[in-house]
């Protein structure tokens, strides 16, 4: 009987031996159904990129979505990362299967280059309560100014230095005039060798530490005035 019992145990499962004692292990498989959950709001895009035109003062960006869940979803808040962005939904509550959009308007006045902003949308969705939307707008520079800051050091000779100004589109951009707030610096404006190129020539009368000048460049961009600034200083 003892031998028969051992043979029956040998067929049960894997064994582990600790010293001279054999421990028999019976493996159990546990099967469980794990529900798969997804966010109720499905976004057509969460990252929008646009290129603005010269002189464009604002841009509108739209983020469409649809309630793909089986319950109504309420939009609790829409918070932009910058005061230059105004964003809001069409309404607060969206029924199952209903579509909507977050509409954002970006103020581009005085802004140049890549403008990256974010909008955080909070909802009462149990699966995904917040979503971050991103928008990137490439705002062209009407004037490309190189360099924007001229510096003379103590002991340096008061030689003339130049600033290159390139018009992004001479048909839409024109440099009307300039204003220099310090007569200790002589400033002249000349045409460059290429179309749309201008040269701003700046020369201090003497090297006097502490002298500074702010030179305002008044440009017409698509018929509207924009001001650009060049700085000069003796340090």
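The values are calculated or read from the model by the stated rules, or taken from the named source; none is laboratory data. This is a predicted model, so every value here is computed, not measured. Backbone-built Cβ (ideal geometry, glycine too); neighbour counts: all protein chains shown.
Cβ-Cβ distances below 7 Å connect no pair with a first residue in region 222-234 that is assigned by TED's automatic domain parsing to the domain that holds residue 52 and at positive phi, a second residue that is in a strand (DSSP E or B) and at pLDDT below 95, and a separation of six or more residues or different chains.
Per-residue answers, yes or no, for (1) out of contact with any strand residue (DSSP E or B) (no Cβ under 6 Å at 6 or more places or on another chain); (2) on the phi < 0 side of the Ramachandran plot; (3) touching a residue at least 40 places away in the same chain (Cβ under 8 Å); (4) buried (at least 16 other Cβ atoms within 10 Å of the Cβ):
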position	(1), (2), (3), (4)
75	no, yes, yes, yes
78	no, yes, yes, yes
83	yes, yes, no, no
90	no, yes, no, no
121	no, yes, yes, yes
127	yes, yes, yes, no
131	no, yes, yes, yes
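Of all positions in region 191-210, none carries a residue that is surrounded by 13 or more Cβ atoms within 10 Å (Cβ to Cβ), over 30 Å from residue 88 (Cβ atoms), touching a residue at least 60 places away in the same chain (Cβ under 8 Å) and not assigned by TED's automatic domain parsing to the domain that holds residue 82. As for region 112-119, it holds at least one residue that is touching a residue at least 40 places away in the same chain (Cβ under 8 Å), surrounded by 14 or more Cβ atoms within 10 Å (Cβ to Cβ), part of a strand (DSSP E or B) and in the same structural domain as residue 46 (by TED's automatic domain parsing). Can you go through 134, 233, 220 and tell me which one is at pLDDT 95 or above and under 30 Å from residue 73 (Cβ atoms)? Within the list 134, 233, 220, the selection yields 134.
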